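Here's the structure, in structure tokens; my notes come after.
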Amino acid sequence: MIMTNKDMVAAVNSIEEMKNREEDGNKVLFPGRVKVTYAIRKNKAKLEAALKPYNEERDELLAKCIDEEAQATGELKLKEECKVEWEAGIEELLNIAVDVDIHLIKLDDIADLDLSFADVDALDFMIE
């Protein structure tokens, strides 16, 4: 499946949010759905691996553009003269398309679960 870095970042963040919500609320979103949770974990790991070059490039760009004085105080701020370069660079990075081998599930595997719209949206990339 072809996904942009932007789509992969959003998917990883959404999956992580679902996991955190499950842990914080003690509510299992996928009770008895081993196949579904396996697919989610497998896909998250694949996406994180595919995002490694993106994260490395983003970190290099950030290191080049970060305001060191603000960083010393714990503030994340870009140098004024670097904002255009940062925006152009991050936009270019986010729009790069990557081929990722996604483990698919069927809609029937989750159809009877009490999932929010956001939960289904987070899983959309992996539903056949």
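Small (Gly, Ala, Ser), modelled with pLDDT of 95 or more and either under 19 Å from the mean Cα position of the chain (by Cα) or crowded, with 16+ Cβ neighbours inside 10 Å (or both): is that true of Ala88 in this structure? Answer is no for this residue. Of all residues being of a type in the set (Asp, Glu) and more than 23 Å from Ile102 (Cβ to Cβ) in region 32-77, which is surrounded by the most Cβ atoms within 10 Å (Cβ to Cβ)? Just the residue, please. Filtering first and then ranking leaves Asp67. Answer yes if at least one residue in region 13-21 is touching a Phe, Trp or Tyr at 6+ places or on another chain (Cβ under 6 Å), closer than 23 Å to Ile127 by Cα and surrounded by 15 or more Cβ atoms within 10 Å (Cβ to Cβ), and no otherwise. No, region 13-21 has no match at all. Assess whether Asn95 counts as being in contact with a strand residue (DSSP E or B) (Cβ under 8 Å, 6 or more places away or on another chain) and surrounded by fewer than 13 Cβ atoms within 10 Å (Cβ to Cβ). Yes: the conditions hold for Asn95.
The values are calculated or read from the model by the stated rules, or taken from the named source; none is laboratory data. None of these values were measured; they are calculated from a predicted model. For neighbour counting, all protein chains shown are included, and Cβ atoms are generated from backbone atoms with ideal geometry for every residue, glycine included.
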